[in-house]
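The values are calculated or read from the model by the stated rules, or taken from the named source; none is laboratory data. It should be emphasised that the depicted structure is a prediction, and the values quoted were computed from it without experimental measurement. Neighbour counts run over all protein chains shown; Cβ positions are idealised from the backbone, glycine included. Ligands, DNA and RNA are stripped out before the accessible areas are found, and what is left, the full protein with its side chains, is counted by its heavy atoms. Shrake-Rupley method; radii C 1.70, N 1.55, O 1.52, S 1.80 Å.
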Amino acid sequence: MPTAPANEDNKLSRPVTRLIALLALSAFINYIDRGNLSIAAPLLKGELGLSASQLGILLSSFFWTYSLFLPVSGWLADRFEVKWVMAFGFFLWSGATAVTGGLHAFTALLAARLMLGIGESVAYPCYARTLVGHVPEVGRGFANALIAAGVGCGPALGTFFGGTLMAQYGWRPFFIVLGVVSMAWLIPWFAWMPRGSMAVSFMGESDVGFLEILKQRSMWGTCGGLFGANYVLYFEITWLPFYLVRERHFSMGAMAKIGGLGYLCYAAAAVLFGWISDRWIAAGATPTIVRKTFAGAGAGSAGLLLLGCALTGPTVSLILLLLAFAAGGMCGSNIWAITQTLAGPRMAGRWTGLQNFVGNLAGVTAPAVTGFVIDYTGRFFVAFVIMAVVALLAALSYIFVIGPVKEIAWEG
């Protein structure tokens, strides 16, 4: 059985708090690794002579295998001990990052990005299985917000320090050192993860579990919402550095500072709104009102604010950009709390895997669509419009498609 998640005052125990912090650190590393190629894009494009379409394919390729393997990783997280599932994936994605620094051909880089996607696909199913077993509803907003903060801080520091270091030393050493040093995360993971506490076999046949989930309207609501929220996030991760350098004419150093500050705004807003959401629920509000309000308002606002960046001058554009990142953090703080509550312990890994599979098709779509739009129009404006429309549809999905945010009474 899982360890007791909280005491009578709804305060998380020290081992659980430490475990959540370790998950947040893994998310931090995860998002540095998946976003570092976009930081190197201006340098990489010139070195390898890539077109914008080729660069878009390379940036999106991570999501091909990432999305494809998410249902498999969800099943693994529900059926086997999370400690080992997470460790294997982490080792694989860190190794792929290190290897990337030594590659010189487009096809080799493509293969490394595909391997990175397979490794990183284990993360969110393992997060869900861990949190749903250790953290109560009143604490899940903040717990997920810390992971969302890792999602924001990863690109923030990756963009700032990565952009600065790449400008000075080149992109290859950054990839190699990052991949090798990240392996140290596995040491506290094996030391702190409760032994055997996440070995779960709630369902006899995994096919039954997946079919049960697919029947739920709320499952499709979470998928649609995540797709739109991810479209905005991956638009930022994959193309924002290129946009700031090539269309707004910032230097690599200035791009690194602007992008880094934006992701810090995302992280700070995630923690703030995660804490507010839990306090609001503790004060008597329903998870339905609280979680859907923050997720829907955050997703829609992020898209509209980013569209405003393409329509205004440099100063106003930067202000809107930072506000868009903050709105993304508001959304990110409650997305997975919704899923964990709806799925419960029986289905957390599989629901998360399926939802992330559909949601991360945005990672395939956003970079590639943006690349082709730039090739066709020569500018980013149409890409910003597409992104804003998708974000508004995500807001509608969170608010109107998802039903009451409470654990579903599963059959069997």
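Quick notes
- Formal net charge of residues neighbouring SER51 (Cβ-Cβ distance under 12 Å; K, R +1; D, E -1): 0
- Solvent-accessible area assigned to carbon and sulfur over region 252-337 amounts to 79 percent, based on a 1.4 Å probe.
- ASP78 contributes an accessible area of around 0 Å² to the protein surface, as traced by a 1.4 Å probe with all chains present.
- C-alpha long axis of helix 14-48 to longest principal axis of the chain, angle in °: 20
- The angle separating the long axis of helix 252-282 from the principal Cα axis of greatest extent in the chain is about 20 degrees.
- Cα centroid separation, region 350-412 to region 114-166 (Å): 18
- Degrees, to the nearest 10: 287-309 long Cα axis against longest axis of the chain: 0
- Solution diffusion estimate, µm²/s, Stokes-Einstein, the chain, Kirkwood Rh from C-alpha pairs, 25 °C, viscosity 0.890 mPa s: 117
- Computed over the chain with a Gaussian network model linking Cα atoms closer than 10 Å, the most mobile of ARG79, ARG279, ARG246 is ARG246.
- Average accessible area per residue (Å²) across the chain - probe 1.4 Å, nucleic acids and ligands excluded: 37
- Other residues with beta-carbon under 14 Å from the beta-carbon of ILE399 carry, at +1 per Lys or Arg and -1 per Asp or Glu, a net charge of +3.
- Partner lysines for LYS292 [C-alpha distance under 19 Å; skip if fewer than 8 residues away on the same chain]: LYS406
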